[in-house]
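Notes for the one structure printed next.
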Amino acid sequence: PFQNELSYAYGVVIRGAKLVIPSVLRDRMCQLAHEGHPGQEVMKSRLRERCWWPLMDRQAVKVCDSCEGCRLVQVEAPPEPMNRRPMPDKPWVDLAIDFLGPMPTGEYILVVVDYYSRYMELEVMRKITAQETVSRLKKLFRTWGN
């Protein structure tokens with residue numbers, strides 16, 4: 001499909017305003033664009049500014065992926081920031097519930113924290129089952145409401 005976009009002038013093949021790089025020079029062009037280990041996107045941008053060849057982006061990615069220097073300095077993207085929860089209007093509307101354990105005794109602790117007041121309830125449990133958890137939560141709700 002790109003053959004119709006090529007032209008020949010002054011001994012070089014061009015596509016639009018960009019030089020079409022012969023296959024024997026493509027590795028060297030990649031080396032030049034890769035100086036300083038800029039990463040895939042910058043390297044592809046450098047190449048796209050002035051030249052073109054079929055599958056150029058793929059070759060740039062391959063160069064970066066196989067570069068030991070790039071792998072050593074590659075920084076992983078930071079994790080997404082946590083979203084803040086809206087503050088509840090009153091106590092015992094929004095709760096955090098989790099288990100802690102097993103403890104050295106083999107027991108677990110059911111931890112319930114009220115987001116509004118930061119009040120914490122702890123319930124020691126011998127084993128974690130849905131039935132026992134619901135029973136303990138019902139007891140807390142009878143005591144504190146909602």
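The values are calculated or read from the model by the stated rules, or taken from the named source; none is laboratory data. Predicted model, so just to flag it, every value in this text is computed and none were measured. Neighbour counts run over all protein chains shown; Cβ positions are idealised from the backbone, glycine included.
Tell me the residue from 41, 35 that is of a type in the set (Asp, Glu), more than 30 Å from residue 134 (Cα to Cα) and not in a helix (DSSP H, G or I), please.
After applying the criteria, what remains is 35.
Out of the residues in the stretch 105-133 that are among the aliphatic types (A, V, I, L, M) and more than 20 Å from residue 91 (Cα to Cα), which is surrounded by the fewest Cβ atoms within 10 Å (Cβ to Cβ)?
130
Looking only at the stretch 106-142, how many residues end up being assigned to a loop (DSSP other than H, G, I, E, B) and in contact with a Lys or Arg (Cβ under 8 Å, 6 or more places away or on another chain)?
The qualifying residues number 4.
As an exercise: evaluate residue 51 against (1) within 26 Å of residue 13 (Cα to Cα); (2) surrounded by fewer than 11 Cβ atoms within 10 Å (Cβ to Cβ); (3) touching a strand residue (DSSP E or B) at 6+ places or on another chain (Cβ under 8 Å) and give the number of the one condition it does not meet.
Going through (1) within 26 Å of residue 13 (Cα to Cα); (2) surrounded by fewer than 11 Cβ atoms within 10 Å (Cβ to Cβ); (3) touching a strand residue (DSSP E or B) at 6+ places or on another chain (Cβ under 8 Å) one by one, residue 51 breaks only (2).
Could you check residue 62 against (1) in a helix (DSSP H, G or I); (2) among the charged types (D, E, K, R); (3) touching a helix residue (DSSP H, G or I) at 6+ places or on another chain (Cβ under 9 Å); (4) not assigned by TED's automatic domain parsing to the domain that holds residue 18 and say which number it fails?
(4)
Go through the stretch 19-38 residue by residue and tally those that are surrounded by 15 or more Cβ atoms within 10 Å (Cβ to Cβ) and either among the aliphatic types (A, V, I, L, M) or in contact with a Cys (Cβ under 8 Å, 6 or more places away or on another chain) (or both).
The qualifying residues number 7.
Quick grid of which residues meet (1) more than 30 Å from residue 118 (Cβ to Cβ); (2) out of contact with any helix residue (DSSP H, G or I) (no Cβ under 6 Å at 6 or more places or on another chain):
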position: 12; (1), (2): yes, yes
position: 20; (1), (2): yes, yes
position: 32; (1), (2): yes, yes
position: 40; (1), (2): yes, no
position: 44; (1), (2): yes, no
position: 76; (1), (2): yes, yes
position: 81; (1), (2): no, yes
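Here is a list: 90, 62. Which entry is closer than 30 Å to residue 21 by Cβ and out of contact with any strand residue (DSSP E or B) (no Cβ under 8 Å at 6 or more places or on another chain)?
After applying the criteria, what remains is 62.
What's the number of the condition residue 92 fails, among (1) within 30 Å of residue 125 (Cα to Cα); (2) within 30 Å of the chain's Cα centre (by Cα); (3) at pLDDT below 90?
Unmet condition: (2).
Residues in the stretch 88-105: is at least one among the hydroxyl-bearing types (Ser, Thr, Tyr) and either in contact with an Asp or Glu (Cβ under 9 Å, 6 or more places away or on another chain) or assigned to a loop (DSSP other than H, G, I, E, B) (or both)?
There is at least one residue in the stretch 88-105 that is among the hydroxyl-bearing types (Ser, Thr, Tyr) and either in contact with an Asp or Glu (Cβ under 9 Å, 6 or more places away or on another chain) or assigned to a loop (DSSP other than H, G, I, E, B) (or both).
So residue 54 passes all but one of these: (1) touching a residue at least 40 places away in the same chain (Cβ under 8 Å); (2) assigned to a helix (DSSP H, G or I); (3) of a type outside the set (A, V, I, L, M). Which condition number does it fail?
(2)
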